[in-house]
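First up is the structure itself, then whatever we jot down about it.
The values are calculated or read from the model by the stated rules, or taken from the named source; none is laboratory data. Quick caveat: nothing in here was measured; it's all calculated off a predicted structure. Methodologically, a virtual Cβ is constructed for each residue, glycine included, from the backbone with ideal geometry; neighbour enumeration extends over all protein chains shown. These accessible areas exclude ligands, DNA and RNA; they are computed on the full protein's heavy atoms, side chains included. Shrake-Rupley method; radii C 1.70, N 1.55, O 1.52, S 1.80 Å.
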Amino acid sequence: MSKETQMRAAVNQKLVEMGERERLKELLRAKLAECGWRDELKAHCKDVIKEKGLEHVTVEDLVTEVTPKGRALVPDSVKKELLQRICAFLAQQSTL
C-alpha cells in the first residue's frame with residue numbers, strides 16, 4: 001500500500017469514527033441541492049435515456065455516462081468548503 005493510500009485510509013477511518021463523515025455527507029447533499037446540481041444531473045440522465053432509448057440503457061451504462069459530468073458539475077466553492085472542513089477537523093484531532 002502506498003503512503004498516500006495509507007494516509008487516505010487513516011483519514012477516512014478517523015472521519016468515520018468521529019461521525020464527521022456523515023456530517024460532511026449531509027453538508028454535501030444540502031449544498032448540491034442548493035446549487036441545483038441534482039436537477040442538472042437528473043436532466044442529464046433523462047437526456048441520456050432519451051438519446052439511447054429506455055430499452056437500450058442499463059443502470060451501469062447510465063452511471064458510467066453520468067458520473068464524469070456529475071463530478072465536473074460540483075461547484076468549486078462546494079469542493080473548497082468540504083476540503084476546509086476536513087482540514088479543520090484534522091487540525092482539531094491533532095491537537096487532542
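Residues checked against (1) out of contact with any helix residue (DSSP H, G or I) (no Cβ under 8 Å at 6 or more places or on another chain); (2) open to solvent by less than 70 Å² (accessible area, probe 1.4 Å); (3) closer than 24 Å to G19 by Cα:
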site	(1), (2), (3)
K46	yes, no, no
G53	yes, yes, no
T58	yes, yes, no
V63	yes, no, no
V66	no, yes, no
A88	yes, yes, yes
A91	yes, yes, yes
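Taking segment 19-36, which residues are more than 14 Å from Q84 (Cα to Cα) and surrounded by 14 or more Cβ atoms within 10 Å (Cβ to Cβ)?
Hits for segment 19-36 are K31, L32, C35.
Mind checking which pairs have a first residue in segment 12-38 that is farther than 20 Å from G70 by Cα and modelled with pLDDT of 95 or more and a second that is outside any loop (DSSP other than H, G, I, E, B) and open to solvent by less than 70 Å² (accessible area, probe 1.4 Å), Cβ under 6 Å, 6 or more apart or different chains?
E20/F89; R21/L15
Check whether at least one residue in segment 33-48 is in contact with a Pro (Cβ under 8 Å, 6 or more places away or on another chain) and under 30 Å from L90 (Cα atoms), and report yes or no.
Among the residues of segment 33-48, at least one is in contact with a Pro (Cβ under 8 Å, 6 or more places away or on another chain) and under 30 Å from L90 (Cα atoms), which makes the answer yes.
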